[in-house]
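This report refers to the structure that appears directly beneath it.
The values are calculated or read from the model by the stated rules, or taken from the named source; none is laboratory data. Quantities reported herein were computed from a predicted structural model and do not represent experimental measurements. With ideal geometry, Cβ positions are generated from the backbone for all residues, glycine too; neighbour counts draw on all protein chains shown.
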Amino acid sequence: MIKITNLYKRYNNRDGREAPWVLKDINLTIPTNVSVGLLGRNGAGKSTLLQLIAGMDNPERGKVERQCRVSWPIGLSGGFQGNMTGRQNVKFVARVHGSGMDVHRIINSVEEFAELGSAFDRPIRTYSSGMRARLNFGLSLAFDFDVYLSDEATAVGDKAFREKATRTFKAKVGQSSLIMVAHGEAILKELCQAGIYLKNGQAIWYDDINDAIAAYHEETTPSGSRKL
């Protein structure tokens, strides 16, 4: 279970002026074994909320309690050491988070899944954002988390890789749960049961992902032409 209590987050301007709240007074309890789609207009705070749930960022007020193992957001291309190779980065993370797991098994698993070829042994700073995201994806899946966070992870790479990413998430559902951001409604309907809709800094919980999608369309345009 993940419990979010009285959470507020904003990013102040460089001149020190207070910026508007990105998220304000968020109160949510995300149950165990329920996969959740995270919806909202561009700039609504979806990626921010994922990073707060992951513990990669801290709220200005309130707290996030994790009573389970939560992944970092899959799909984000940051967090790697640019001067280290892909292999070296994976080895470092495996040693830190492996908890006695076989480091070589993790490296081999990531190398096979990410499909980077010889680039796996080149510095991360030479990678495109898509290559970084694929490495991140493979690294995340090498560990057994209770909840996987996905920020457009199934949109990474070419068609074949996107299909593989989708199949992998399908395989995870049932063993673990997902909290995912995706621009495509089909993947949300396919993989998620519940939904969280972000609007004007507020978070609204829906037991049914279809109701969350309907609320999004009602708030935007009748045709639903805006991106999630």
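Take residue 75 and decide whether it is surrounded by 20 or more Cβ atoms within 10 Å (Cβ to Cβ) and modelled with pLDDT under 95. Working first, answer last.
Numbers: surrounded by 20 or more Cβ atoms within 10 Å (Cβ to Cβ): yes; modelled with pLDDT under 95: yes.
So residue 75 passes the test.
What is the residue count in the stretch 144-165 for residues that are out of contact with any strand residue (DSSP E or B) (no Cβ under 7 Å at 6 or more places or on another chain), over 18 Å from residue 109 (Cβ atoms) and surrounded by 17 or more Cβ atoms within 10 Å (Cβ to Cβ)?
Initially, the stretch 144-165 is screened for residues out of contact with any strand residue (DSSP E or B) (no Cβ under 7 Å at 6 or more places or on another chain), giving 144, 154-165.
Filter again for over 18 Å from residue 109 (Cβ atoms), leaving 154-155, 158-160, 162-163.
Cutting the leftovers down to surrounded by 17 or more Cβ atoms within 10 Å (Cβ to Cβ) gives us 154-155.
Of the residues in the stretch 144-165, 2 are out of contact with any strand residue (DSSP E or B) (no Cβ under 7 Å at 6 or more places or on another chain), over 18 Å from residue 109 (Cβ atoms) and surrounded by 17 or more Cβ atoms within 10 Å (Cβ to Cβ).
Which pairs do you get when a residue that is touching a residue at least 12 places away in the same chain (Cβ under 8 Å) and more than 16 Å from residue 19 (Cβ to Cβ), found in the stretch 40-58, comes within reach of a residue that is of a type in the set (Ser, Thr, Tyr) and surrounded by fewer than 18 Cβ atoms within 10 Å (Cβ to Cβ), reach meaning Cβ atoms under 8 angstrom, with the pair 6+ apart or on two chains?
That search, which allows pairs on different chains as well, returns 41/220.
Could you run through the stretch 4-36 and say how many residues are of a type in the set (A, V, I, L, M), touching a Lys or Arg at 6+ places or on another chain (Cβ under 7 Å) and in a loop (DSSP other than H, G, I, E, B)?
2
List the helices (runs of 4 or more DSSP H) that sit entirely inside the stretch 97-202 and contain at least 1 residues that are modelled with pLDDT of 85 or more and within 27 Å of residue 41 (Cα to Cα). Outline the logic, then answer.
Details: elements: 103-114, 129-141, 159-172, 185-191.
Helices (runs of 4 or more DSSP H) meeting the threshold: 129-141, 185-191.
Here is a yes/no grid of residues against (1) more than 25 Å from residue 70 (Cβ to Cβ); (2) among the hydroxyl-bearing types (Ser, Thr, Tyr); (3) exposed (fewer than 14 other Cβ atoms within 10 Å of the Cβ); (4) touching a residue at least 12 places away in the same chain (Cβ under 8 Å):
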{"residue": "102", "(1), (2), (3), (4)": "no, no, yes, no"}
{"residue": "107", "(1), (2), (3), (4)": "no, no, no, yes"}
{"residue": "111", "(1), (2), (3), (4)": "no, no, no, yes"}
{"residue": "119", "(1), (2), (3), (4)": "yes, no, no, yes"}
{"residue": "122", "(1), (2), (3), (4)": "yes, no, no, yes"}
{"residue": "126", "(1), (2), (3), (4)": "yes, yes, yes, no"}
{"residue": "135", "(1), (2), (3), (4)": "no, no, no, yes"}
{"residue": "142", "(1), (2), (3), (4)": "no, no, no, yes"}
